Amino acid sequence: MNGAGVRRFGLGLIPWVGAILLWYTVRWSGFVNVSLIPAPHQVAAKFFELLTKEGLLVDIFVSTRRVFFGVALGILAAVPVGFLLGWYRPARTFADPMINFFRALPPIALIPLVIVYFGVDEVAKLVILFYASFFSGVIVMYEGVSQITPLYIRVAQTLGASQAEIFRKVIIPLTVPHILTALRVALGVAWATLVASELIAAQRGLGAMIQNASTYFLLDVIYVGIICIGLIALIMDMILRRITARLLVWQDRVVA
Amino acid sequence: MTKRARFENVSLSFETPKGRLNVVEDVSYDINDGDFIAVIGPSGCGKTTMMSMLAGFQRPTTGNVLFDGRPVAGPGPERGVIFQEYGVFPWLTVKQNIAFGLTLSANRVAAGERDAICDHYLGLMGLSDFASSYPKHLSGGMRQRLAIARAYAVKPQFLLMDEPFGALDAQTRSNMQNLLLKVLETEGKTVMLITHSVEEAIYLASRIVVVTARPARIREIIDVPFAYPRDESIQERPEFGELRSYIKQLVMDEYRAQQAQMRPASFSE
Ligand SMILES: Nc1ncnc2c1ncn2[C@@H]1O[C@H](COP(=O)(O)OP(=O)(O)O)[C@@H](O)[C@H]1O
Ligand SMILES: [Mg+2]
């Protein structure tokens, strides 16, 4: 790592150190019952214990896999649908109220219905995550696509481009940024929905771990679960941002 | 002289929420091979609309717009367009932008020739050092030159330019005008240029079409008495000054008419 890299890394570390200090301060301030807040070092110890003895990695893997497939399927459906809605104004007028209706429904509210129709196994969780990713992704896609100016298409036409060439050489490159944004938004929403989806009687997964811990009042386990969810979401977002920066070097936006 | 393009009693109106808006009204004129037509008139009067009918983006409401004797049915590579907003593709590098038209099936050339054409225009437009940069790194003047290079690369017989130098500073603008004259001299094209600068119109054009406040009608068509090749010295000639005062007066009249037209509209909003 070069000097600037070290500096940036250091700067990025400061708020985390601050958060941990604040955590200790709150714990020892005397305003709260110490037994209600496990100390950071206790949580860290629990983390290693879970990791080595209780198969935390399996929970992480199961949850990540659910989010991954939920988002992948959701975005796979959201891209063409969002594109069509963004591209054809009449389609939008027609479908807009309906999409907003479904998007406004919190996925958690659908859990009882999903249990009735899909049971309590893996499919049910996938359905919930699919639902959450699809509706958040579709909105981003169609709002982005509907803002593509016709100017570039006109330019391509005056240079002799056919319909197929316009689609391949102009519309696709202009759509890629919106697909990536939709992916990021969907990932965020999917992680937020994960715990809810794993409340459907999941055996494993970070949400299930938190849920089980709460019945036995194992606060340190709950903390480990929450921190893991946050960290994995952060890592996924960082990876996606790297990919975005790679694919969209041409954009004005500064991507960190 | 062969007739390239022809406006035949062309009118165009838009349906708007506030009613019918007449934008172009009964316009007729011919553009011959090798002509350099400058269209000048107040902003918002309908110049871009007039050009976009020849480019193939708008159909006249009545009348005909002909190109090579046939009604214009849509845009095509024989009519290069340089848009007011440039429209360089931000996701392609400078060189890829120039090559864009040459990769299309309508004007595909072998990779070697494509490279040669790109390099030629990169050099001509002073963009060689930026061949692999993205447009976000270019200044306004460079983007404009890129848009011109991209349009030239597919070798259109006819160039439509919509206020191409309007957003440039005076120095860049004058460089671009001289470059355009130089390119026309070597590559001989027919040009229709929209401008709001009287000096630019006289310096570049062989004929100037002055249009009225909206709806755009023809106020007067003026032949410019200077032979090509031209250089900046013609701007010192007395005829240049006389022509300039005459056209400025016409344009000013129409500008006032256009202002008078806009004022009540803005009150009612
Ligand atoms: N598609 C459209 N629908 C409705 N009005 C339009 C449309 N395009 C242009 N206009 C109106 O037509 C008038 C002339 O526009 P334009 O040709 O762009 O003028 P100019 O290029 O001379 O500045 C303007 O008042 C503009 O608002
Ligand atoms: Mg205009």
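Applying the criterion of being under 24 Å from the mean Cα position of the chain (by Cα), not in a helix (DSSP H, G or I) and not hydroxyl-bearing (Ser, Thr, Tyr) to the residues of region B:115-154, the residue that is farthest from the other protein chains (Cβ to nearest Cβ) is B:Gly126. Across region B:40-51, the qualifying residues are those that are under 14 Å from the mean Cα position of the chain (by Cα) and within 9 Å of ligand 2 (Cβ to nearest atom), and the one among them that is nearest to B:Ala260 (Cα to Cα) is B:Gly46. Taking (1) within 14 Å of ligand 1 (Cβ to nearest atom); (2) among the polar types (S, T, N, Q); (3) open to solvent by less than 10 Å² (accessible area, probe 1.4 Å) in turn, B:Asn97 satisfies each apart from (1).
Yes or no, residue by residue, for (1) farther than 14 Å from A:Val185 by Cα; (2) without any contact (Cβ under 8 Å) to a residue 24 or more places away in the chain:
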residue	(1), (2)
A:Ala77	yes, no
A:Gly86	yes, no
A:Ala91	yes, yes
A:Pro97	yes, yes
A:Phe118	yes, yes
A:Lys125	yes, no
A:Phe130	no, no
A:Val145	yes, no
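Being over 14 Å from the mean Cα position of the chain (by Cα), in a helix (DSSP H, G or I) and among the basic types (Lys, Arg) is a property that holds for B:Arg256. Applying the selection to region A:28-41, what residues are touching a helix residue (DSSP H, G or I) at 6+ places or on another chain (Cβ under 9 Å) and farther than 16 Å from A:Ile227 by Cβ? Across region A:28-41, the qualifying residues are A:Trp28, A:Val32, A:Val34, A:Ser35, A:Leu36.
When you scan region A:157-164, do you find a residue that is within 17 Å of the chain's Cα centre (by Cα) and either crowded, with 22+ Cβ neighbours inside 10 Å or more than 9 Å from chain B (Cβ to nearest Cβ) (or both), even just one? Talk me through it step by step, then tell me what you get.
If we filter region A:157-164 for residues that are within 17 Å of the chain's Cα centre (by Cα), which is where we start, we get none.
Among the residues of region A:157-164, not one is within 17 Å of the chain's Cα centre (by Cα) and either crowded, with 22+ Cβ neighbours inside 10 Å or more than 9 Å from chain B (Cβ to nearest Cβ) (or both), which makes the answer no.
Checked against (1) closer than 22 Å to B:Glu200 by Cβ; (2) more than 10 Å from ligand 1 (Cβ to nearest atom); (3) open to solvent by 40 Å² or more (accessible area, probe 1.4 Å), B:Gly69 meets all criteria but (1).
Residues in region A:211-235 that are of a type in the set (A, V, I, L, M) and touching a Leu at 6+ places or on another chain (Cβ under 9 Å): A:Ala213, A:Leu219, A:Val221, A:Val224, A:Ile226, A:Ile229, A:Ile232, A:Ala233. Answer yes or no: is there a residue in region A:148-156 that is crowded, with 23+ Cβ neighbours inside 10 Å and touching a Phe, Trp or Tyr at 6+ places or on another chain (Cβ under 6 Å). Checking region A:148-156: not a single residue is crowded, with 23+ Cβ neighbours inside 10 Å and touching a Phe, Trp or Tyr at 6+ places or on another chain (Cβ under 6 Å). Of all residues in region B:184-225, those satisfying the criterion of being out of contact with any Asp or Glu (no Cβ under 6 Å at 6 or more places or on another chain), part of a loop (DSSP other than H, G, I, E, B) and either within 16 Å of ligand 1 (Cβ to nearest atom) or under 17 Å from B:Met50 (Cβ atoms) (or both) are B:His196, B:Ser197, B:Ala205, B:Arg214. With respect to the conditions (1) free of Cβ contacts under 8 Å to residues at least 24 places away in the same chain; (2) open to solvent by less than 70 Å² (accessible area, probe 1.4 Å), A:Phe68 lacks only one, and its number is (2).
If you filter region B:73-104 down to residues that are more than 7 Å from every other protein chain (Cβ to nearest Cβ) and in a loop (DSSP other than H, G, I, E, B), you find that the one that is farthest from ligand 2 (Cβ to nearest atom) is B:Thr93. Would you say A:Val79 is more than 16 Å from A:Tyr223 (Cβ to Cβ), touching a helix residue (DSSP H, G or I) at 6+ places or on another chain (Cβ under 6 Å) and surrounded by 17 or more Cβ atoms within 10 Å (Cβ to Cβ)? Against the criterion (more than 16 Å from A:Tyr223 (Cβ to Cβ), touching a helix residue (DSSP H, G or I) at 6+ places or on another chain (Cβ under 6 Å) and surrounded by 17 or more Cβ atoms within 10 Å (Cβ to Cβ)), A:Val79 qualifies.
Scanning region B:23-33 for residues that are open to solvent by 20 Å² or more (accessible area, probe 1.4 Å) and in contact with a Ser or Thr (Cβ under 6 Å, 6 or more places away or on another chain) yields B:Glu25, B:Asp26, B:Asp33. Of B:Gly188, B:Gly166, all but one fail to be of a type in the set (Gly, Ala, Ser) and at positive phi; the exception is B:Gly188.
Would you confirm, using the coordinates I've provided, whether B:Ala38 is away from ligand 1 (no atom under 16 Å from the Cβ) and either open to solvent by 10 Å² or more (accessible area, probe 1.4 Å) or modelled with pLDDT of 95 or more (or both)?
Numbers: away from ligand 1 (no atom under 16 Å from the Cβ): no; either open to solvent by 10 Å² or more (accessible area, probe 1.4 Å) or modelled with pLDDT of 95 or more (or both): yes.
When the stated conditions are applied, B:Ala38 does not pass them.
Filtering region B:5-22 to residues that are outside any loop (DSSP other than H, G, I, E, B) and surrounded by fewer than 22 Cβ atoms within 10 Å (Cβ to Cβ) leaves B:Arg6, B:Glu8, B:Asn9, B:Ser11, B:Ser13, B:Phe14, B:Glu15, B:Thr16, B:Gly19, B:Arg20, B:Leu21, B:Asn22. Looking at region B:47-57, which of the residues that are of a type outside the set (A, V, I, L, M, F, W, C) and near ligand 1 (Cβ under 8 Å from one of its atoms) is nearest to B:Gly80 (Cα to Cα)? Per the stated criteria, the residue is B:Ser52. One residue is enough: does region B:155-166 have a residue meeting the conditions under 24 Å from B:Gly41 (Cα atoms), of a type in the set (D, E, K, R), open to solvent by 10 Å² or more (accessible area, probe 1.4 Å) and assigned to a loop (DSSP other than H, G, I, E, B)? Yes: one or more hits.
The values are calculated or read from the model by the stated rules, or taken from the named source; none is laboratory data. Keep in mind that what you see is a predicted model, and the values were worked out from it rather than measured. Here the Cβ is made from the backbone with ideal geometry for all residues, glycine too, and neighbour counts use every protein chain on show. The protein model used for the area step is the full one, side chains on, heavy atoms only, and it has no ligands, DNA or RNA in it. Shrake-Rupley method; radii C 1.70, N 1.55, O 1.52, S 1.80 Å.
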